[in-house]
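Take a look at the structure set out below.
Nothing in this text is a laboratory measurement; each read-out follows from the coordinates by a stated rule. Everything quoted here is computed from the prediction, not taken from an experiment. Every residue, glycine among them, receives a Cβ derived from its backbone with ideal geometry; neighbour counts consider all protein chains shown.
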Amino acid sequence: MSEHDVRPLAEAEFRDANRVFLSSLHRPAPTDQQWERSTARYEPGRVFGAFRSGELVGTTMALGSSLAVPGGAVLPASAVTGVGVRADHTRRGVLRALMRTQLDDVRDRGEPVAMLHASEAVIYGRFGYGEATRTRTVSLDTHRATLHADAPSGGSIRLLDKAEAGKILPELYRRIVSSRPGTISRSDGWWESRLGVFSGEQMVVAIHTGEDGVDDGFALYEAKMNDYRFDDGTCELQVGDIRGADAVATASLWRFLLGVDLVDRVVVIDRPVDEPLERLLTDRRACRVSSVQDDLWVRLVDVPAALAARGYGTAEPVVVEVRDGFLPENSGSYRIGADGVQRCAAQPQLSMDVDVLASLYLGDVGVSALAAGGRVAVHDPAAVAEADRLFAMTEAPWCGTGF
């Protein structure tokens, strides 16, 4: 037995794991009601605990999911969450032991990629995770933000309570989400939690129905205010999610949100960094970007399979050396071209660690930017531009789904 005994947890131990996780984020243990609403997220066999002297001191878990990658493929993926180490056992190798056990499990399940949202940007790179998507938070002044006359329009909006929404949203999301790189699946259990313990009491669900009578978009929002007289300019509409099947549905949802009465400001989190929202407005300065931050972190667990699954642009092939100290079977050189990916023995033109390759994988950043930052060793300068063209995408990858 190692210093830290890591093993899958029995279902009777899940709540203890949840307590350890929440305590690592300085949050209180869940109430009975909160825990009951959270249990749908826990998948037997995918929840791990680290023990020292028989005491649970760290935990991690994963959800079976999928990830859309460039070229249109959707890969089985492990959505890692609930990671925490008790404060009196940090910096003792507990997290490393948990990550090793979990990544071995992901590999054994045949899932070529794992993904997570990081509480801090410096934690997971050592385990091979790289920042793969970003999001932005925008704030719109409703007194100035109106859609211009040529903005797409059509269909209608209706409001649902959370119980009714729970019957509609899972299928609607599955139907309307695109294969945009970075998109992940949302299970029924995810929706149960999102509409339950992770939603406010005043959360509203708006559904857009197209001209053909088919639902094709939704938004989740909640109003926050300090004064019920609505005369101090502090009523804010906080939007947690907005999705449309096409430009008409998306623009119609924005038009609705900006037109809700008694609201001074609409704040929307987790939006694509390249969303053309400002182009919909008559006054683009009414939309302020308050932050741009990392969102989804990706780990290529099976590098050959992950690289072969995505598509590439038109360019000369490039030989890339990948270094993976955590899963050394991935280390080696790969010839990457528009016609596919093969392991090879050729001299590498570029060398990088596996976390850097993960940042390239969905197309959010180019090789040239990473090389300028010292993250890519360049042996053939001409290969940089070719690799940029191979990995480039026409739209930024976007996840926008917490887990």
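Enter the Cα centre distance for the pair segment 348-403 and segment 116-173, rounded to the nearest angstrom.
25
Using the beta-carbon distance between GLU316 and ARG343 and R0 = 25 Å, what value does 1/(1 + (r/R0)^6) give for FRET efficiency, to the nearest 0.05?
0.85
By how many nm would the segment from THR81 to ARG7 grow when fully extended, if each residue of separation counts as 0.36 nm and the alpha-carbon distance is taken off?
Numbers: separation 74, 0.36 × 74 = 26.64 nm, distance 1.64 nm.
Working it through step by step, the gained length comes to 25.0 nm.
What is the gain in length, in nm to one decimal, between ASP274 and MET225 on full extension, counting 0.36 nm per residue of separation less the C-alpha to C-alpha distance? Each step should come with its number before you reach the end.
Values: separation 49, 0.36 × 49 = 17.64 nm, distance 2.99 nm.
That works out to 14.6 nm of additional length.
Have a look at SER24, SER119, SER333 and tell me which one the Gaussian network model of the chain (Cα, springs below 10 Å) gives the largest fluctuation.
Looking only at SER24, SER119, SER333, the largest GNM fluctuation is found for SER119.
Only Cα pairs within less than 10 Å get springs; with that Gaussian network setup on the chain, which residue of VAL263, VAL122, VAL376 has the largest fluctuation?
VAL122
Could you calculate the contour length gain from THR90 to GLN34, that is, 0.36 nm times the residue separation minus the distance between their Cα atoms, to one decimal place in nm?
Result: 17.5 nm gained on full extension.
With a 10 Å Cβ neighbour count serving as the proxy for reagent exposure, in which order, fewest first, do GLU36, GLU201 appear?
In increasing order of surrounding Cβ atoms, one gets GLU201, GLU36.
Taking neighbour counts of Cβ atoms within 10 Å as a proxy for exposure, in what order, fewest first, do ILE269, ILE184 appear?
ILE269, ILE184
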